[in-house]
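Trainee: Here it is: the structure, laid out below.
Every number in this text was worked out from the coordinates using simple rules, so none of it is lab data. For clarity, every value in this text was computed on a predicted model and none was experimentally measured. All Cβ positions, glycine included, derive from the backbone under ideal geometry; neighbour counts span all protein chains shown.
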Amino acid sequence: MKNENEDYMDWKNVSSEHINHFKETAENIFAPVYRVLARQVIEDYGITKGVCVDIGSGTGGFACEIAKISNLKVYAVDIKEEMLEIMKEKIEKEKLAGRVIPRSGDVHNIPFNSNFADLVVSRGSFHFWRDKKKAFSEIHRVLKIGGVGFIGGGFGRDEKVRKEAMRLHEETYRGVHGGRNFHENLKARYMELKEILKDMQDFKITFDESGLWVEIKKT
Ligand SMILES: C[S@@+](CC[C@H](N)C(=O)[O-])C[C@H]1O[C@@H](n2cnc3c(N)ncnc32)[C@H](O)[C@@H]1O
């Protein structure tokens with residue numbers, strides 16, 4: 001981490017221990033959250049076919065849930081090879097081969113052409129991006145005109161799922177984020193994003209119980 005107010009972390013070089021810990025967290029804490037968020041995104045934006053890109057997809061939980069409830073072909077991009085290996089196993093297990101496609105890549109240089117995606121999602125990753133302005137303009141670049149981005153952090157609108165995920169998350173990650181709790185940390189990120197995105201068109205930030213989310217509607 002660079003300083004107390006930033007969460008930048010070089011995931012490319014995190015340890016295997018850290019990756020395995022995250023795998024456990026994804027399976028034990030976040031699994032219901034991925035389902036809630038996938039439903040939320042599909043219902044809110046009505047994008048059910050075409051191409052979706054999940055950035056910083058980790059072990060692929062969110063990407064898989066989107067594929068299960070839509071006809072979208074989901075590219076699950078992550079910078080960390082070990083994450084992609086775990087994701088591949090999950091895709092096989094969930095019988096989603098060809099529907100969810102793992103792709104090695106960095107949000108600062110997304111490995112797709114411009115106007116490629118109908119939907120770009122990302123959960124729990126933007127905190128760690130070194131140059132958020134560049135990252136968000138890359139996401140905007142790969143979106144088609146009329147496409148939607150949903151990027152942020154949080155546990156979604158289902159109160160029961162959210163409260164339980166929050167409780168387990170606080171227990172597991174006590175002491176990270178410069179000692180701030182989950183909500184305080186999102187608030188710090190909210191102030192940061194407001195500043196970074198203030199001159200960028202097509203971006204809207206929401207910060208409420210469901211989390212901190214940047215909605216992009218490319219015009
Ligand atoms: C906390 S995990 C969240 C994973 C997943 N989105 C989820 O909700 O379970 C953050 C992920 O972002 C990835 N990541 C971090 N920086 C990245 C970058 N510059 N480009 C692409 N992925 C990145 C990490 O490798 C990691 O898998």
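Trainee: Can you compute the modelled spin-label distance between Asn71 and Arg157, with each label point 7 Å from Cα toward Cβ, in nm?
Mentor: Label at Asn71, label at Arg157, 2.5 nm between them.
Trainee: What is the local net charge at Lys49, summed over the other residues whose Cβ is closer than 11 Å to its Cβ (Lys, Arg +1; Asp, Glu -1)? It would help to have the intermediate numbers written out before the result.
Mentor: On the way: positive: Lys73; negative: Asp118.
Neighbour charge sum, excluding Lys49 itself: 0.
Trainee: Once amide H atoms are placed 1.01 Å from N in the peptide plane, what residues at a sequence separation of 5 or more from Gly149, or on another chain, have their amide H within under 5 Å of its amide H?
Mentor: Val120, Ile216, Lys217, Lys218
Trainee: Report the Cα-based extents of the chain along its three principal axes, largest first, to the nearest Å.
Mentor: 43, 41, 35
Trainee: Given R₀ = 30 Å, FRET efficiency for Ser114-Thr48 by Cβ-Cβ distance, to 0.05?
Mentor: Numbers: r = 23 Å, r/R0 = 0.76.
Using R0 = 30 Å, I get an efficiency of 0.85.
Trainee: While we're here: How are the Cα pair distances of region 106-180 distributed, in percent, across 5 Å bins from 0?
Mentor: Using 5 Å bins, I get a P(r) of 3, 14, 19, 20, 14, 12, 12, 6, 0 for region 106-180.
Trainee: A further question follows. Report, to one decimal in Å, the Kirkwood hydrodynamic radius for region 16-107 based on all distinct Cα pairs. Can you show the working numbers first?
Mentor: Working: mean 1/r = 0.0767 Å⁻¹.
One over the average 1/r among Cα pairs gives 13.0 Å for region 16-107.
Trainee: Which order do peptides 51-58, 203-210, 127-134 fall in by mean Cβ count within 10 Å, highest first? It would help to have the intermediate numbers written out before the result.
Mentor: Values: 51-58: 26.4, 203-210: 14.9, 127-134: 17.4.
Highest-to-lowest ranking by the protection proxy: 51-58, 127-134, 203-210.
Trainee: Hey, which of these cross-link pairs are over 20 Å Cα-Cα: Lys132/Lys217; Lys73/Lys144; Lys187/Lys217? Could you put the intermediate results ahead of the total?
Mentor: Details: Lys132/Lys217 18 Å; Lys73/Lys144 15 Å; Lys187/Lys217 23 Å.
Result: Lys187/Lys217 exceed 20 Å.
Trainee: Given the Cα-Cα distance of Lys217 and Lys198 and 0.36 nm per residue of separation, how much length would full extension add, in nm? Kindly include the intermediate steps, with their values, before the conclusion.
Mentor: Working: separation 19, 0.36 × 19 = 6.84 nm, distance 1.52 nm.
Fully extending the segment from Lys217 to Lys198 adds 5.3 nm.
Trainee: Amide H neighbours of Leu197 under 5 Å, at least 5 residues apart or on other chains, H built in the peptide plane: list them.
Mentor: Under 5 Å from the amide H of Leu197: no residue qualifies.
Trainee: Which aspartates and glutamates does Lys12 reach when only Cα atoms under 18 Å apart count, and residues fewer than 8 places away in its own chain are ignored?
Mentor: Asp54, Asp78, Glu81, Glu82, Glu85, Asp106, Asp131
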